[in-house]
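**Student:** Have a look at this one.
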Amino acid sequence: MSGFPQHPNYLGLNRPLGEEYDLRDLPVEGALPAEVEGTFFRAVPDPAFPPFLEDAGAVLSGDGMISAIRFGGGRASVHMRYVNTARHLAEVKAGQTLFGKYRNPFTDRPEVECLDRTVANTTPVWHAGRLLMTKEDGRPYRVHPATLETLGSYDFGGALKSETMTAHVRIDPETGELFFFGYEASGLASRTIAYGIVDKQGKLVREQWFDAPYCAMMHDFTITQNYALFPIYPTTCDLERLKDGGEHWIHHQDLDSWLGVMPRYGEVSELRWFRGPKGVSCYHMMNAFEDEQGLIHFDQCLSDSNAFPFIREASGIPLQQWELNGRLARWTVDPKAEGDTITEAVIGPPGDFPVIPAARQGRRYDHGWMLTMNPERRGPPVSGGPVGAMFDMLMRLDMRGGPPQALVLPMGSCFNEPVHVPARDPAHEGWLLAVVSTQAGPDSFSHECWVIDAGNVAAGAVAKVAIPRNLRPQVHGWWVSAEQLAHVAE
Ligand code: V55
Ligand code: FE
């Protein structure tokens, strides 16, 4: 891969690779737990061709690749394929980049006007026997879980009206329903939010639309057993700016944040907006739940400004990464009370990539895991990923107030987001799988998939699977058990 700019978006761990492969019988150190049987799907953005204009936001526009690390019978294999989006296929055919800046179609080459420009690079979602590669700026692409072949853009059999669907869906563990939203649902820069429910069989049974207070970057949302919660942080889009060839997103420190709260099976007319602090931003929520008093708690990786340097730069915000006051914050609202008050409590460290057991989605939970930076590290973190710095510490947080546990990596190593694999024994917290990358030279890295006891992360990996290939940083992953993989939808 050549011709890429000398920019951190394309250097070191972020070096474009574009390699499709299948490697079986990977070297395993330690013993793979028998119940880790299934596939760890990972979304890995990887730009196939150099950009034709300057765009720091292109770090989010890498062509989606799907990586599958398969476990079974004490063995592991790894597989990598491009998602053959309309965009990727058009660029392969042309032998060059045809699409311009991150989420600005007015900067595209004229021949791709009206072509779907999503890159399906953010989360592999499994639901009702289907594997979907998602990105918030468009509709998902369906991928075959066994062959990794792209089956095409997916609209729930023609039922989806929204032009977009989030990469952060929420699945209720009891009903099996998938809850999702899409923003800019009725077009570029629109305030329209779509809210949808897909039943356990994969049928889109409800889609309602409502307006956000302003057009905001809405990366994630949450559900509880009775509510759907839509957070709005003041990173906004403007159609005129896009038409002028500008940035999709500008962050505003002086604008209110909001939390939209509605009964999850209710009407959008019942949605109420609660007012949050000005200028804050969050990409990922850990969870949300209702307590015995009916209060709603909403736990999120919050910071005082947008975590992406390219967005702060475009917004003229001089804050550095270490000045963002990151924290795991709990917002509490009373859906039965008058007014629009949100109360905030700090319940955990700065960091991101929060993970909980799928069985606790929308319910009170005892523990969660997240990535953070070792406060005692001496020296710079590994460069890479969209923020430019990779996390080097995994934490297990006890939400009941017990002490946290930490797994600290040595200098030069970093974590990609873990997935949780449940254990059969209810007394065991299960396993975490995470790709760990280690710098070997200025431009070379080694990679392993670690299997970690989720209840005892401080003990380190119980098994390490070597991946003898180059890998770019992953965005999100999804665990699909062998049992689930046995039921692929038509
Ligand atoms: C994020 C990632 C994206 C994106 C918007 O992690 C936000 C946050 C990989 O693409 O388009
Ligand atoms: Fe995300």
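**Student:** Specify the residue that is nearest to ligand 1 (Cβ to nearest atom); the eligible residues are those in the range 265-296 that are buried (at least 18 other Cβ atoms within 10 Å of the Cβ) and of a type in the set (S, T, Y).
**Tutor:** Y283
**Student:** Is it the case that Y214 is without any contact (Cβ under 8 Å) to a residue 60 or more places away in the chain and in contact with a Pro (Cβ under 6 Å, 6 or more places away or on another chain)?
**Tutor:** no
The rows are residues; the columns are (1) of a type in the set (K, R); (2) open to solvent by 30 Å² or more (accessible area, probe 1.4 Å); (3) touching a strand residue (DSSP E or B) at 6+ places or on another chain (Cβ under 6 Å).
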| position | (1), (2), (3) |
| --- | --- |
| K161 | yes, yes, yes |
| T164 | no, no, yes |
| V169 | no, no, yes |
| G176 | no, no, no |
| L188 | no, yes, no |
| A194 | no, no, yes |
| D199 | no, yes, yes |
| V205 | no, yes, yes |
| Q208 | no, no, yes |
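**Student:** I've got another one for you. Of all the residues that make up the range 84-106, how many are within 16 Å of ligand 1 (Cβ to nearest atom) and more than 22 Å from the chain's Cα centre (by Cα)?
**Tutor:** 3
**Student:** Report whether or not T118 is among the hydroxyl-bearing types (S, T, Y), assigned to a loop (DSSP other than H, G, I, E, B) and either within 16 Å of ligand 2 (Cβ to nearest atom) or at positive phi (or both).
**Tutor:** Criteria met by T118.
**Student:** Could you grab the pairs with beta carbons closer than 7 Å, sequence gap of 6+ or different chains, first residue in the range 165-184 and β-branched (V, I, T), second one away from ligand 1 (no atom under 16 Å from the Cβ) and open to solvent by less than 10 Å² (accessible area, probe 1.4 Å)?
**Tutor:** Close Cβ pairs satisfying both conditions: V169/L178; V169/F179; I171/L178.
**Student:** When you go through P386, P380, P426 one by one, which is the residue that is crowded, with 16+ Cβ neighbours inside 10 Å, out of contact with any His (no Cβ under 8 Å at 6 or more places or on another chain) and modelled with pLDDT under 95?
**Tutor:** From the options P386, P380, P426, the qualifying one is P386.
**Student:** Also: Restricting the first residue to the range 343-369 and requiring it to be more than 12 Å from A329 (Cα to Cα), which pairs with a second residue that is aromatic (F, W, Y) and modelled with pLDDT under 95 meet a Cβ separation below 8 Å and a spacing of at least six or different chains?
**Tutor:** Partner pairs satisfying both residue conditions: none exist.
**Student:** Quickly run through the range 447-481 and pick out the residues that are aliphatic (A, V, I, L, M) and open to solvent by 40 Å² or more (accessible area, probe 1.4 Å).
**Tutor:** A458, A459, V462 - these are the residues of the range 447-481 that are aliphatic (A, V, I, L, M) and open to solvent by 40 Å² or more (accessible area, probe 1.4 Å).
**Student:** In the range 277-303, what residues are within 22 Å of the chain's Cα centre (by Cα), closer than 28 Å to Q361 by Cβ and assigned to a loop (DSSP other than H, G, I, E, B)?
**Tutor:** V280
**Student:** So, one more: What pairs come up if the first residue lies in the range 89-104 and is closer than 11 Å to L115 by Cβ, the second is open to solvent by less than 10 Å² (accessible area, probe 1.4 Å) and within 16 Å of ligand 2 (Cβ to nearest atom), and their beta carbons are under 9 Å apart, counting only those six or more places apart or on different chains?
**Tutor:** Here the result reads F99/V119, each pair linking the range 89-104 to a residue that is open to solvent by less than 10 Å² (accessible area, probe 1.4 Å) and within 16 Å of ligand 2 (Cβ to nearest atom).
**Student:** Could you please let me know if A76 is in contact (Cβ under 8 Å) with a residue 60 or more places away in the chain, in contact with a Lys or Arg (Cβ under 8 Å, 6 or more places away or on another chain) and either open to solvent by less than 30 Å² (accessible area, probe 1.4 Å) or within 24 Å of L13 (Cβ to Cβ) (or both)?
**Tutor:** yes
**Student:** Now, a different point. State which residue pairs qualify: first residue surrounded by fewer than 17 Cβ atoms within 10 Å (Cβ to Cβ) and inside the range 240-264, second residue of a type in the set (D, E, K, R) in any location, beta carbons under 6 Å apart, and separation of 6 or more residues or different chains.
**Tutor:** Once the first residue is surrounded by fewer than 17 Cβ atoms within 10 Å (Cβ to Cβ) and sits in the range 240-264, its partners that are of a type in the set (D, E, K, R) give D254/K278; P263/E270.
**Student:** Considering only the range 211-236, how many residues are open to solvent by 20 Å² or more (accessible area, probe 1.4 Å) and farther than 22 Å from W126 by Cα?
**Tutor:** 5
**Student:** Exactly one of these conditions fails for L328: (1) within 16 Å of ligand 2 (Cβ to nearest atom); (2) in contact with a Pro (Cβ under 8 Å, 6 or more places away or on another chain); (3) without any contact (Cβ under 8 Å) to a residue 60 or more places away in the chain. Give me its number.
**Tutor:** All conditions pass for L328, except number (3).
**Student:** Identify all residues within the range 419-436 that are assigned to a loop (DSSP other than H, G, I, E, B) and closer than 21 Å to A43 by Cβ; write none if there are none.
**Tutor:** none
**Student:** Can you tell me which of (1) within 20 Å of A482 (Cβ to Cβ); (2) hydrophobic (A, V, I, L, M, F, W, C); (3) within 16 Å of ligand 1 (Cβ to nearest atom) is the one A76 doesn't meet?
**Tutor:** (3)
**Student:** Looking at the range 134-158, which of its residues are farther than 26 Å from A486 by Cβ and open to solvent by less than 40 Å² (accessible area, probe 1.4 Å)?
**Tutor:** Listed by number, the residues that qualify are K135, E136, D137, G138.
**Student:** Within the range 33-55, take every residue that is in contact with a Lys or Arg (Cβ under 8 Å, 6 or more places away or on another chain) and either at pLDDT below 95 or among the aliphatic types (A, V, I, L, M) (or both) and give me the one that is farthest from ligand 2 (Cβ to nearest atom).
**Tutor:** L53
**Student:** What about T236, is it within 16 Å of ligand 1 (Cβ to nearest atom) and of a type in the set (S, T, N, Q)?
**Tutor:** Yes.
**Student:** Output the strands (runs of 3 or more DSSP E) that fall wholly within the range 128-247 and possess 2 or more residues being among the small types (G, A, S), or say none.
**Tutor:** Because the criterion is at least 2 residues that are among the small types (G, A, S), the strands (runs of 3 or more DSSP E) in the range 128-247 that meet it are 150-153, 192-198.
Residue by residue, here is whether (1) open to solvent by 20 Å² or more (accessible area, probe 1.4 Å); (2) at pLDDT below 95; (3) over 29 Å from P309 (Cα atoms); (4) not in a strand (DSSP E or B) holds:
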{"position": "W331", "(1), (2), (3), (4)": "no, no, no, no"}
{"position": "K336", "(1), (2), (3), (4)": "yes, no, yes, yes"}
{"position": "E344", "(1), (2), (3), (4)": "yes, no, no, no"}
{"position": "P350", "(1), (2), (3), (4)": "yes, no, no, yes"}
{"position": "G368", "(1), (2), (3), (4)": "no, no, no, no"}
{"position": "L371", "(1), (2), (3), (4)": "no, no, no, no"}
{"position": "L394", "(1), (2), (3), (4)": "no, no, no, no"}
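**Student:** Also, I was wondering about something else. Under the condition of being outside any strand (DSSP E or B) and charged (D, E, K, R), which residue from the range 54-105 is nearest to V475 (Cα to Cα)?
**Tutor:** Within the range 54-105, the match that is nearest to V475 (Cα to Cα) is D63.
**Student:** Here's another thing I want to ask about it. Filter the range 71-129 for residues that are within 30 Å of E174 (Cα to Cα) and not β-branched (V, I, T) and give the result.
**Tutor:** Within the range 71-129, F71, G72, G73, A120, N121, P124, W126, H127, A128, G129 meet the criteria.
The values are calculated or read from the model by the stated rules, or taken from the named source; none is laboratory data. Keep in mind that this is a model prediction, so the values were computed, not measured. With ideal geometry, Cβ positions are generated from the backbone for all residues, glycine too; neighbour counts draw on all protein chains shown. All accessible areas refer to the heavy atoms of the entire protein, side chains included, with ligands and DNA or RNA removed. Shrake-Rupley method; radii C 1.70, N 1.55, O 1.52, S 1.80 Å.
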